[in-house]
Amino acid sequence: MGAETHSQDRADTGTADPRRELASLSLSELYQILRSSDQGLSSADAAAVLARSGPNRIDSASRKTLFLVFIERFKNPLVLILLFAAAVSAFTGDLASFVIIEAIVLVSVVLDVMQEHQAQNAADSLAKQVSLTARVLRDGKASEIQASAIVPGDVVLLAAGDLVPADGRLAESRDLYIDEAALTGEPYPVEKDAAAQASSETTFAPNLVFMGSSVVSGTGRALILSTGRATELGSIAKSLRSEPPPTAFAVGIRSFGVMIIRATVFLVLFVLLVNLVLHRPLLESFLFAVALAVGLTPELLPMIVSVTLSHGAIRMARKQVIVKRQSAIDDLGSMDVFCSDKTGTLTEARISLVREVDLAGSESTNVLKLAQINAGFETGLKSPLDEAIIAHGQIDLSAWQKIDEVPFDFERRRVSILVEGEGRHLLVVKGAPEDVLKLAGSYQQGDTPPLPLDPASRLTAETTLKALGEDGFRVLAVAWREVEANRQTASVGDERDLTLAGFLAFLDPPKSGAREALGELARLGIVVKVITGDNEHVTQHVCQELGLDVRGILLGSELGQLTDDALAVRVENTTLFCRVTPPQKSRIITALRHRGHVVGYLGDGINDAPPLHSADVGFSVDTAVDVAKEAAAILLLRKELGVLADGVREGRRTFANILKYMMMGTSSNFGNMFSMAAGVLFLPFLPMLPTQILLNNLLYDLSEVAIPLDNVSDAAIAQPRRWDIRIVRRFMLYFGPISSVFDIVTFGLLLWLFQADAVLFHTGWFIESLATQILVIFIIRAAHPFRDPPHRGLVATSLGALALAVALTYSPLAHWFGFSAPPASLIGVIALITAAYLFTVNAMKRWFFARFDLA
């Protein structure tokens, strides 16, 4: 319990890596802290510790009920505006608007609740990654117990095939290899050694084992230090339960809602105050004010957003990209930094033998032949390197016969095979280059006779070995020696006076198509950064193969020494983040977001779940672990970067169409509402009746239902576009007054040219306000509206709604809404005013788009 508490306290402060600190303590110190021994705990002591520390499970903390999550969604300003609009609609008898708005709000809130429920399931799925039972020492005897009953201080027995049930420090190990891919994302099993020392370069220390990893080979004993939520796996689950930072899309929508609330409150209070000062009827003034508020409310925005995102999700699904959180499509369009794990994303996630060279670095088929003999006859569990040798080519071992074997062990770090064939008796040795070089007395190049391995030749071999390492290769050495023809056994003592054949270079090769995909992302204005637990040499080599320009490298050990502010500066000019832990990955993502970037992250392991949770948009793949798939917002059915570029374009189309609706609503729509507010100052009657405002609002909404289908120009998707409420506010301030100017011109013409009474005035301005509101979409929808034509659906709904509005004033229903049939001359004047308005908006738009760099 003591070590667990100590570890957690240090982890919370962020001052040091608690795992590395525990790895550096002696076993005797740890036994003392945990009140244990090399024989484990007694049953009574274990029961007492279990009562204090709790079961070894990654349980969810107190989960919010679905009802509470549902209620919290009503804190959103836009939802509050819509509820107010629905209440006003019900109060004024507009039942249709009330039902529509309430339905929109309900669907939006339910979708959000479902997304949060999925996030909670991501944390719960981690519990499936641990073993159900484990062998421990209790009362000095080995016994099998439920993994949930393991406590700090227990001594766990590990063997090949076991899942490690908790985090622990190795007390004993023999030929122990652990697969930590689920935590680190790297494909190589890791050598674990109880006698090893913690390294400043290594986060997952070689003398520590972690919950969720698995034993590939060998045996060991581990003193358990942390269980349940205090483990490394538990810390990942904890990060998934925390509320994720709001995405760029959520921030943008919320800011837009706050802006509308402020404008609405100001205009409503202004109208009420003026009407009260002018001693107009209180009830009529109130109804006009609340109708004005409804007119300002973008009740169609949730529908526009939902339909646009759904349309994008369907198109992406056809390209084998499944969208789990629809708002992620918009964030994908705004993404300007893409962070990716290396293994399996940029690489094939499998070890391949890529080079076979002699001591001078020249290609050598003899090295491959000897390596295949060694790997082919080796017994026991083959390592990924052995499998890569065997898979490299057809092995014909029919001419050779195995006589004996000296198995691999950690002290020697090599395996030797005694064989006979082709008239020769050979001891073929394969292992760690440094150890094999020490045993070699000669070397061979090609088919020439062996030559003495003098100091100059040894230096050449060491130079070749160093160059391979710096290029990111994992290297094995291959050597041999002739033995007596009658030899039937081999021993460690025979591994001497070897002839060095050369080196084998292994690499997880770059994924096919990754180079082209990275280039496409770069052309879309997206900066690619690689975040990996692997070493910097391997990662840099892979990036060079893929053509990724490496501007800077930051190691996990260096990152741990940086404050958040210092890290925020470093991330801008760093391309590769190597040897990093899952919490450090999240810090990198957070630092980039604090710099104003919209960040995407692609990962498929348990270690990737926290950064997937922290990113604006998280990507995973269909073959990923469950927790990564749950934490991600977008799921790739093919683990290829190429599909991301298509997704980015779709996201930018979505962003552009949503922005069209916002800009339209903050130009002519807001302008018309400003005009209504201004009209109460000098008109002897209300500029428009409350029912007319609601009808205007309904027809306007109907005209824009096809916006999700609209075409988007290539220029609009060429670069990332992020949510910037300042642009929307400026658009409102620049274009709203233009609409108001033309409205006031209409007021003047109606009053002085046509001598309009209240009914004709209401009719004329109703048509003019709708015409300017609806038709302006064709101007502001694209930088070059005539070169980039609109979708036929948008043309149909827009012109249809306008035609319906004009026809209504001539219909028998006109008097129900307070209209009268307008003369043809008035329709002609309104047409001229609308044309002049659209011409002015187009000129201003061209300046505005150029001024603020909008496509």
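Going by the structure shown, is Trp816 surrounded by 14 or more Cβ atoms within 10 Å (Cβ to Cβ) and of a type in the set (A, V, I, L, M, F, W, C)?
no
Regarding Ile833, is this residue open to solvent by 40 Å² or more (accessible area, probe 1.4 Å) and of a type in the set (Val, Ile, Thr)?
It is false that Ile833 is open to solvent by 40 Å² or more (accessible area, probe 1.4 Å) and of a type in the set (Val, Ile, Thr).
Limited to the stretch 759-807, what total is found for residues that are of a type in the set (A, V, I, L, M, F, W, C) and either open to solvent by 20 Å² or more (accessible area, probe 1.4 Å) or touching a Pro at 6+ places or on another chain (Cβ under 9 Å) (or both)?
Summing the residues that are of a type in the set (A, V, I, L, M, F, W, C) and either open to solvent by 20 Å² or more (accessible area, probe 1.4 Å) or touching a Pro at 6+ places or on another chain (Cβ under 9 Å) (or both) in the stretch 759-807 gives 20.
For the stretch 805-826, which positions are hydrophobic (A, V, I, L, M, F, W, C) and either closer than 21 Å to Leu702 by Cα or in a helix (DSSP H, G or I) (or both)?
The answer is Ala805, Val806, Ala807, Leu808, Leu813, Ala814, Trp816, Phe817, Phe819, Ala824, Leu826.
Consider Tyr810 against the criteria (1) in contact with a Ser or Thr (Cβ under 7 Å, 6 or more places away or on another chain); (2) open to solvent by 40 Å² or more (accessible area, probe 1.4 Å); (3) not basic (Lys, Arg): it satisfies all of them except one. Which criterion is unmet?
In the conditions (1) in contact with a Ser or Thr (Cβ under 7 Å, 6 or more places away or on another chain); (2) open to solvent by 40 Å² or more (accessible area, probe 1.4 Å); (3) not basic (Lys, Arg), Tyr810 misses (1) alone.
Which condition from (1) surrounded by fewer than 21 Cβ atoms within 10 Å (Cβ to Cβ); (2) of a type in the set (A, V, I, L, M, F, W, C); (3) within 30 Å of Pro684 (Cβ to Cβ) is the one that Leu750 breaks?
Of (1) surrounded by fewer than 21 Cβ atoms within 10 Å (Cβ to Cβ); (2) of a type in the set (A, V, I, L, M, F, W, C); (3) within 30 Å of Pro684 (Cβ to Cβ), only one is false for Leu750: (1).
Quick check on the stretch 738-748. Is at least one of its residues more than 36 Å from the chain's Cα centre (by Cα), under 27 Å from Thr654 (Cβ atoms) and not basic (Lys, Arg)?
Yes, that holds for at least one residue.
Does Ala835 count as closer than 21 Å to Met673 by Cα, at pLDDT 95 or above and not in a loop (DSSP other than H, G, I, E, B)?
Yes, satisfied.
Please tell me if Ile178 is in contact with a Lys or Arg (Cβ under 6 Å, 6 or more places away or on another chain), modelled with pLDDT of 75 or more and in a strand (DSSP E or B).
Yes; evaluated as a whole, the condition is true for this residue.
For the stretch 351-369, which residues satisfy the criterion of being out of contact with any Leu (no Cβ under 7 Å at 6 or more places or on another chain), under 24 Å from Gly472 (Cβ atoms) and not hydroxyl-bearing (Ser, Thr, Tyr)?
Arg355, Val357, Asp358, Ala360, Gly361, Glu363, Leu368
Got a number for residues in the stretch 316-335 being touching a helix residue (DSSP H, G or I) at 6+ places or on another chain (Cβ under 7 Å) and surrounded by fewer than 18 Cβ atoms within 10 Å (Cβ to Cβ)?
Residues in the stretch 316-335 being touching a helix residue (DSSP H, G or I) at 6+ places or on another chain (Cβ under 7 Å) and surrounded by fewer than 18 Cβ atoms within 10 Å (Cβ to Cβ): 2 in total.
Looking only at residues that are surrounded by 12 or more Cβ atoms within 10 Å (Cβ to Cβ) and assigned to a helix (DSSP H, G or I) in the stretch 844-855, which one is nearest to the chain's Cα centre (by Cα)?
By that ranking, first place goes to Phe849.
When you go through Val599, Val542, Val527 one by one, which is the residue that is in contact (Cβ under 8 Å) with a residue 12 or more places away in the chain and open to solvent by 10 Å² or more (accessible area, probe 1.4 Å)?
So the residue among Val599, Val542, Val527 that is in contact (Cβ under 8 Å) with a residue 12 or more places away in the chain and open to solvent by 10 Å² or more (accessible area, probe 1.4 Å) is Val527.
Mind telling me which of the residues Ala461, Ala467 ends up being more than 40 Å from the chain's Cα centre (by Cα), on the phi < 0 side of the Ramachandran plot and open to solvent by less than 60 Å² (accessible area, probe 1.4 Å)?
On inspection, the qualifying residue turns out to be Ala461.
Scan the stretch 719-733 and tell me whether some residue there is without any contact (Cβ under 8 Å) to a residue 40 or more places away in the chain, farther than 17 Å from Met662 by Cβ and open to solvent by 40 Å² or more (accessible area, probe 1.4 Å).
For the stretch 719-733, residues without any contact (Cβ under 8 Å) to a residue 40 or more places away in the chain, farther than 17 Å from Met662 by Cβ and open to solvent by 40 Å² or more (accessible area, probe 1.4 Å): absent.
Check Leu637, Leu641, Leu683 and return the single one that is surrounded by fewer than 24 Cβ atoms within 10 Å (Cβ to Cβ) and at pLDDT below 80.
After ruling out the rest, the residue left standing is Leu637.
Would you be able to say whether some residue in the stretch 672-690 is over 30 Å from Asp604 (Cβ atoms), β-branched (Val, Ile, Thr), in contact (Cβ under 8 Å) with a residue 60 or more places away in the chain and out of contact with any Ser or Thr (no Cβ under 7 Å at 6 or more places or on another chain)?
Within the stretch 672-690, one or more residues are over 30 Å from Asp604 (Cβ atoms), β-branched (Val, Ile, Thr), in contact (Cβ under 8 Å) with a residue 60 or more places away in the chain and out of contact with any Ser or Thr (no Cβ under 7 Å at 6 or more places or on another chain).
Is the stretch 763-777 home to any residue that is under 51 Å from the mean Cα position of the chain (by Cα) and not in a helix (DSSP H, G or I)?
yes
Hey, which of the helices (runs of 4 or more DSSP H) in the stretch 1-80, taking only ones fully inside, have at least 2 residues that are open to solvent by less than 40 Å² (accessible area, probe 1.4 Å) and modelled with pLDDT of 70 or more?
27-34, 43-53
Based on this model, can you work out whether Phe817 counts as more than 53 Å from the chain's Cα centre (by Cα) and not aliphatic (A, V, I, L, M)?
Spelling it out, it is not the case that Phe817 is more than 53 Å from the chain's Cα centre (by Cα) and not aliphatic (A, V, I, L, M).
For every residue, the table says whether it meets (1) more than 29 Å from Gly333 (Cβ to Cβ); (2) assigned to a strand (DSSP E or B); (3) acidic (Asp, Glu); (4) modelled with pLDDT under 80.
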{"position": "Met211", "(1), (2), (3), (4)": "yes, no, no, no"}
{"position": "Gly234", "(1), (2), (3), (4)": "yes, no, no, yes"}
{"position": "Val258", "(1), (2), (3), (4)": "no, no, no, yes"}
{"position": "Ile261", "(1), (2), (3), (4)": "no, no, no, yes"}
{"position": "Leu273", "(1), (2), (3), (4)": "yes, no, no, no"}
{"position": "Arg280", "(1), (2), (3), (4)": "yes, no, no, yes"}
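Taking the stated definitions as given, is Leu770 of a type in the set (A, V, I, L, M) and under 17 Å from Pro687 (Cα atoms)?
Yes, satisfied.
One residue is enough: does the stretch 650-671 have a residue meeting the conditions over 32 Å from the mean Cα position of the chain (by Cα), of a type in the set (A, V, I, L, M, F, W, C) and not in a helix (DSSP H, G or I)?
No, the stretch 650-671 contains no residue that is over 32 Å from the mean Cα position of the chain (by Cα), of a type in the set (A, V, I, L, M, F, W, C) and not in a helix (DSSP H, G or I).
The values are calculated or read from the model by the stated rules, or taken from the named source; none is laboratory data. Nothing here was measured: the structure is a model prediction, and the numbers come from that model. Neighbour counts run over all protein chains shown; Cβ positions are idealised from the backbone, glycine included. Heavy atoms of the whole protein, side chains included, go into the accessibility calculation; ligands, DNA and RNA do not. Shrake-Rupley method; radii C 1.70, N 1.55, O 1.52, S 1.80 Å.
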